[in-house]
């Protein structure tokens, strides 16, 4: 019944009290958002916490929802702000990396370069996770929003509250680094 | 725009990402989120329309207004005496004067007020019957405080309505005897008695007898009393055509 409706229509229906519309919407985004978060924070328990927080924000914001943008953009913007809050609580340095004025070449890699862990992740998923963890957070976010979320450059820019060119640059750097890390698998 | 995006994406990398990324949210987390969403969307009790919310106050206000209007209406427009079952109607007026009057008064004098009714229109008669108790009640109550006139009249009313029956006059006579015995007590002053006598003719004398009495007062050289009696006569019989000599 709800399969033919757009995301925005489903959200509007949920705003009007249709719980089944939310279930349909949730089914469309549950894995995409969860994987986005899981790759972003590399901690399953933290990813689950953020994941629940984001969906509860969606639920609580339903009364004021207006389809001014695509639902996916709105959802990932909520995720972006929740991640930034998390970074601010955890490490101010990571949050500052999202400043658009920073040259992507100067972004440091994530501090997960543990040789022991690298040895354990010999399979494909581990290699990919490792490669993503090596990316700076803004580049990783841009890549995940494009790859997992399926957002365009403009939508990523809207979701991350940055300029299109900044997103384009971050995405280019992320893809280049991942190719380099996973070239033996490509 | 889309081309630029496509150039930035590597299909091999995308396929590799798709194969490696298999994480799923735990079912318990799904259930918790969906339960929260359902609870938030649960239909809350719709607010009642304004007219339903104000139904009780409006009903109460309407009841109060109706009660007040009816009370005021009853006060300002009391029903005619004939509509009250307990009181006599028409010519059978309440025998208040008889109740107050001494028992020794003869029957012809006691029934005298009924006589002018024949010569006066019915509505005048009704008006007079209204005026008469009002005039008489203060007089009797001020003079005979042990026996208020109103309750006596009400008690006597059924008896008056059945005046033709034998027991009723007996009851009237009994109460009249009680009043008479009260007056025969030493406390009853002759002046009060005379005053009562002066008040009762208002209702008991026929107009002709009253006018004759006024003439008699004039002849006796008591113009002040004659004038006062004439004023009372006019008040009692406003429609009565006075003879030439008394105008």
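Rounded, prolate or oblate: pick one for the range A:33-75, where a ≥ b ≥ c are the square roots of the eigenvalues of its C-alpha gyration tensor, a/c under 1.5 means rounded, and failing that, prolate if a/b is larger than b/c, else oblate.
Numbers: a/c = 5.01, a/b = 1.92, b/c = 2.61.
Oblate, because a/c is 1.5 or more while a/b does not exceed b/c.
Based only on other Cβ atoms within 10 Å, what is the fewest-to-most ordering of B:245, A:184? Walk me through the numbers before you get to the answer.
On the way: B:245 9, A:184 6.
Final ranking by Cβ density, sparse to dense: A:184, B:245.
Computed from label points 7 Å out along Cα-Cβ, the spacing between residue B:55 and residue B:28 is 4.8 nm.
Can you give the FRET efficiency to the nearest 0.05 for residue B:38 and residue B:64, using r as the Cβ-Cβ distance and R₀ = 60 Å? Computed FRET efficiency for residue B:38 and residue B:64 comes out at 0.80.
The ranking of B:233, B:58 by Cβ neighbour count inside 10 Å, starting from the fewest, reads B:58, B:233.
Quick note: the coordinates plus some simple rules give every number you see, no bench work behind them. This is a predicted model, so every value here is computed, not measured. Reconstructed Cβ throughout: ideal geometry from the backbone, glycine too, with neighbour counts over all protein chains shown.
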